Amino acid sequence: MVHRSFSDVALAGLYDVLNPWGPSDDFYLGLVQSAQSVLDVGCGTGALLARARERGHEGRLCGLDPAAAMLVRARDRAPGIEWVLGDFRSHRWQGAFDLVVMTGHAFQELLGDDELHSCLRGVREALAEGGRFVFETRNPGARAWESWTPERVREVPDGDGGVVSIRHEARTPVRGDRVSYVSTVEAPGWERPAVTQGTLRFLGPDRLSGFLAGAGLDVIEQYGDWGRGPLTPASPEIITVAAAAG
């Protein structure tokens, strides 16, 4: 689960431990490798673009993120990539990218309609002719938040012989399409756990299409999982490929 609390230096240092490379990263890496110029919105610690460069991508790679602590790690990892601090309210591009991606469920951090419209307009402006915007959001039909309970603790090795644990607790009742939650992270050497609060927005396919259309984007394809399976009411993900309308 991605949250702006990772702007905290200590939590940013654990981001890659808590979010190891997986099927979603493989999905996006294939897309990045086939595009000449790529903008990663909400790039975090830069794992995706850094891997693409390691795999031989020679085109333009640009990462955009509002969390300075995350970009410090991204710059250390791949100093030759463009790492930009901010969002579409502070940076705009005109027809500069063949591919814009938004990974790690970062799309769900866009809580307000105005914030969502601003981001999507920025994406639309950044796309070159024939470009694609690809992102994912958890499918509200799968009701993932029902499994966010205190007794479900995930433990992962920290690489130094210790174990980091994280648990999420959804706040009820759920208010409309927004789910608030509390995350607790415990790591070796910390005097006390790090407790953060957040909210995610769950939009279904129809509403996603409406917001995209309002920004001049059309849905080209949608998948329900990282194997490109069909989108069903119970699919865990809504993985969307969009392009400029018309």
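Global dimensions of the range 1-125 from alpha-carbon coordinates: Rg and Dmax equal 13.6, 38 Å.
Evaluated on the range 53-124, the Kirkwood hydrodynamic radius is 13.5 Å, with distances taken between all distinct Cα atoms.
Computed from the C-beta positions of residue 184 and residue 96 and an R0 of 45 Å, the FRET efficiency is 0.65 to the nearest 0.05.
Distance from the C-alpha centroid of the range 181-246 to that of the range 58-83: 22 Å, rounded to the whole angstrom.
In the range 38-102, the portion of solvent-accessible area held by carbon and sulfur atoms comes to 47 percent [1.4 Å probe, whole percent, DNA, RNA and ligands not counted]. Using a 7 Å offset from Cα along Cα-Cβ at residue 218, what residues in the range 115-137 end up with backbone N under 20 Å from the label point? It comes to 120-135, nothing else. Taken over the alpha carbons of the chain as equal point scatterers, the Debye sum produces base-10 log I(q)/I(0) values at 0.09, 0.14, 0.17 Å⁻¹ of -0.38, -0.96, -1.44.
Rg of the Cα atoms in the range 163-229, relative to 2.2 N^0.38 Å, amounts to 1.62.
Counting only DSSP beta bridges whose two residues both lie in the chain, roughly 65 percent are antiparallel.
Taking every Cα-Cα distance in the range 111-169 and sorting them into 10 Å bins starting at zero, the pair-distance distribution P(r) comes out as 16, 24, 26, 25, 8 percent. If you look at the Cα atoms of the range 23-69, you get an Rg and a Dmax of 10.2, 29 Å.
Shape class of the range 58-193 from the alpha-carbon gyration tensor: oblate, with a/c at 1.5 or above and b/c at least as large as a/b.
In this structure the chain gives 47 Å² per residue of accessible area when probed at 1.4 Å with all protein chains present. Note on the range 121-246: Kirkwood hydrodynamic radius from all Cα pairs is 17.0 Å, rounded to one decimal.
The values are calculated or read from the model by the stated rules, or taken from the named source; none is laboratory data. Computed from a predicted structure; not experimentally measured. Cβ coordinates were reconstructed from backbone atoms using ideal geometry, including for glycine residues, and neighbour counts include every protein chain displayed. These accessible areas exclude ligands, DNA and RNA; they are computed on the full protein's heavy atoms, side chains included. Shrake-Rupley method; radii C 1.70, N 1.55, O 1.52, S 1.80 Å.
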